[in-house]
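Working notes, structure below.
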Amino acid sequence: MGQHHCCPYTKQCSLSHWSYEMNTIEWTRVKNDINGNPRWVCHFLDLEPAHNRTKPLPDRYESVLCAARKLGGQKFRNKQFGGGVVFQAYECQLSDIASRISAHIGA
């Protein structure tokens, strides 16, 4: 906490927060992967477009997961965070990931 993490894609650095909201998506920092890369989790409902909300809940979850997998996301298998989608990403990449998922789903 409180350490600076530089994103390799930009020259700017930002403080690492454990949880914050960006564009109505609440991203939560979880433990790094086995290679030391940062991981972020959000709930699938935060990534879901409005037109998808008429479908049954399992179908909604699968459509978001399908889009997330094509962009490097995975189902987050953890009892404390049900319905989570995890991404290996630096903090500065999170808004790009969310916009690409929305575009892929058809928001």
Completion exercise
Within the range 79-106, restricting to residues that are assigned to a loop (DSSP other than H, G, I, E, B) and at pLDDT 85 or above, the one that is farthest from Ser63 (Cα to Cα) is Tyr90
Exercise for the section: Within the range 65-107, work out how many residues are free of Cβ contacts under 8 Å to residues at least 24 places away in the same chain, of a type in the set (A, V, I, L, M) and touching a strand residue (DSSP E or B) at 6+ places or on another chain (Cβ under 8 Å). Expected result: 1
Exercise for the section: Determine, yes or no, whether Gln74 is surrounded by fewer than 17 Cβ atoms within 10 Å (Cβ to Cβ) and either within 18 Å of Trp27 (Cβ to Cβ) or in contact with a Lys or Arg (Cβ under 9 Å, 6 or more places away or on another chain) (or both). Expected result: yes
Problem - Neighbours by Cβ (under 8 Å, 6+ apart or cross-chain): first from the range 36-64, loosely packed, with under 11 Cβ neighbours inside 10 Å; second in a loop (DSSP other than H, G, I, E, B) and at pLDDT below 90 - result: Ala50/Ala107; His51/Gly106; His51/Ala107
Handout entry: Residue among Asn52, Asn32 that alone is within 18 Å of Arg77 (Cβ to Cβ) and either at pLDDT 75 or above or outside any loop (DSSP other than H, G, I, E, B) (or both)
Key = Asn32
Exercise for the section: Answer yes or no as to whether Arg69 is among the basic types (Lys, Arg), part of a helix (DSSP H, G or I) and within 15 Å of the chain's Cα centre (by Cα). Expected result: yes
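The values are calculated or read from the model by the stated rules, or taken from the named source; none is laboratory data. Everything numeric here is computed off the predicted structure, so don't read it as measured data. Quick reminder, even Gly has a Cβ in these numbers, built from the backbone with ideal geometry, and neighbours come from all protein chains shown.
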